[in-house]
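Below is one structure, written out as structure tokens, with a few remarks after it.
We did not get these values from a lab; they are worked out from the coordinates using the rules stated. This is a predicted model, so every value here is computed, not measured. As a convention, Cβ positions derive from the backbone with ideal geometry for all residues, glycine included, and neighbour counts pool all protein chains shown.
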Amino acid sequence: MHIHLARWIVTPGRPPLENGGVVTFGGKIVAVDRAAVLRSHYHGTVTDHGEAVICPALVNAHCHLELSPLDYGLKPTVNSPGSFVRWVNRLIALRQEIREDQWSSAIEDAVFQLIDNGVGVLGDVGNTERVPLFVERTESLWPFLGIFFQEIIAPSEKNSTQLPPQFYDSYPEPQRLSVNAAPAFTRALSAHAPYTVAPSHIIALNRWNLDRGLPFSIHLAESRDETEFLENGSGPLRELMEEKGHWPPDWSIPGKSPVKYLEMLGCLHSHSLCVHCVHVNSEDIELIALRNANVCLCPRSNRFIGVGKAPVAAMHRAGINLALGTDSLASNRRLSIFSEMAELARIAPEMPPDAILNAATIGGARALGVESQTGSLEPGKNALFLAVQGKCRSEQEVLEFLVNQAHRGSVNTELLEG
Ligand SMILES: [Zn+2]
């Protein structure tokens, strides 16, 4: 048995606990209580983290590790029409310049960056086998619990070279990618976006994941370019697709917002993970809330690409489960959920700090379907938590500290598994 003590214990759904601790055994949490109570009831090795905050490991619900070699290759863009398509064009061009030997080391650096920033749970998206191969190679050292989403891009219903009609039968059963006993990293499929995947394929991908108890992830309502394309079939996205020869002749324009389109396809539900949701109106928000769908916010990526700010406070008020994601190093300088929390506080000052912390922990765990294992400090859950060094004097101060201060480089974050 191991007893971790600290000045503060912070977990979703409870007020911060001063002078508390967490008892672990066999990789699971056994108890969370005041230090004095734990010392009298439990016996084992004691680690006193002193002036620190113990909180659950952070959940990065949306990342693309395979884009890590593009770090610093792309520059932030000011918010303007067409900024998203300009970013996509630069991404496509840069991706072709990466040498084969650069991928693996960049992915490894990015993994260490996530760990250094307190991430213990990951939802990663990729079009290639680079990340799954990396996970296999690192075997028991792979540190994250979570999901690798193999992302499908298939604009045409008829294009059988990209996606045969029976594609969902041909994929292997979801497997644990990590052989480590504690963290489990599973594999799922995801649809890239409503404008790059034909409706029948979106429906099939959604079904494939639901049949296996996995969340269905899709980039949704990220840019004005996307909403214009889905509503009117026009704009920079259409031009891009025509230019690349991806404009599917069999595609009919939905004439709907991205959220309403997903609803029409029957793919908006409690296992949907809608990534971004920057351009959603009040009707869209009501619909997401009604269907209990999850939204993963990527505020720093949105700022980088210049697509605008998600109506975070309205989504929070509607009771939507919010998660946080960094997106990739192609649209972010840092893979840090602490930084995403600080950005969320900046763009949505009405959001209470505990709601922001929820998005970074239990909200993300719920969105990835792993809330029974992680996301909060509760007996029976995995012993996967952080000790963040910092001096706080009150309950309010400790939450403010985690949300607004802990992203600064000087704060020492230790990822504990015990
Ligand atoms: Zn993304």
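Each residue of the range 325-332 was assigned a 3J(HN,Hα) from its phi angle through the Karplus curve 6.51 cos²θ - 1.76 cosθ + 1.60 (θ = phi - 60°); the sequence is x, 8, 6, 9, 6, 7, 9, 7 Hz, with glycine and proline shown as x. Given in Å, the Rg to one decimal and the Dmax to the nearest whole number for the Cα atoms of the chain are 21.2, 71.
In this structure, the amide hydrogen of Phe216, modeled 1.01 Å from its nitrogen in the peptide plane, lies closer than 5 angstrom to those of Ser272, Leu273, counting only residues at least 5 positions away or on a different chain. Amide H contacts of Val46 (H built 1.01 Å from N, in plane; Pro and chain starts excluded): Ile3 sit under 5 Å, all sequence-distant by 5 or more or on other chains.
Rounded to the nearest 20 debye, the dipole size of the range 1-138 about its Cα centre is 420 debye, using +1 on the Cβ of Lys and Arg and -1 on the Cβ of Asp and Glu.
Across the range 99-111, computed HN-Hα scalar couplings (Karplus, 6.51 cos²θ - 1.76 cosθ + 1.60, θ = phi - 60°) run 6, 4, 6, 7, 5, 4, 5, 5, 5, 4, 4, 5, 4 Hz from first to last residue, x flagging Gly and Pro.
Rounded, prolate or oblate: pick one for the range 1-115, where a ≥ b ≥ c are the square roots of the eigenvalues of its C-alpha gyration tensor, a/c under 1.5 means rounded, and failing that, prolate if a/b is larger than b/c, else oblate. Cα axes put the range 1-115 in the prolate bin. Under the convention that each Lys and Arg Cβ holds +1 and each Asp and Glu Cβ holds -1, the size of the dipole of the range 58-367 around its Cα centre is about 380 debye. Across the range 296-310, computed HN-Hα scalar couplings (Karplus, 6.51 cos²θ - 1.76 cosθ + 1.60, θ = phi - 60°) run 9, 8, 10, x, 6, 5, 4, 5, 4, 7, x, 9, x, 10, 5 Hz from first to last residue, x flagging Gly and Pro. Calculate how steeply helix 337-347 sits against the longest principal axis of the alpha-carbon atoms of the chain, using the helix alpha-carbon long axis, and give the answer as 0 to 90 degrees to the nearest 10. It works out to around 70 degrees. Look at the Cα gyration tensor of the range 239-360: its axes a ≥ b ≥ c give a/c of at least 1.5 with a/b at or below b/c, and that counts as oblate. Between the range 214-250 and the range 5-47, what is the separation of their alpha carbon centroids in Å? Computed from Cα coordinates, the inter-centre distance equals 49 Å. Look at where the Cα atoms of the range 367-408 and of the range 314-353 average out, and the two centres are 15 Å apart.
Beyond 22 Å, what share of the Cα-Cα pairs of the range 282-418 is found? Please give it as a whole percent. It works out to 40 percent of all Cα pairs. For Ala184, the residues whose amide H sits under 5 Å from its own are Gly146, ignoring neighbours fewer than 5 places away on the same chain, with H placed 1.01 Å from N.
The aspartates and glutamates whose alpha-carbon is closer than 16 Å to the alpha-carbon of Lys381, local same-chain residues fewer than 8 away aside, are Asp33, Glu371, Glu417.
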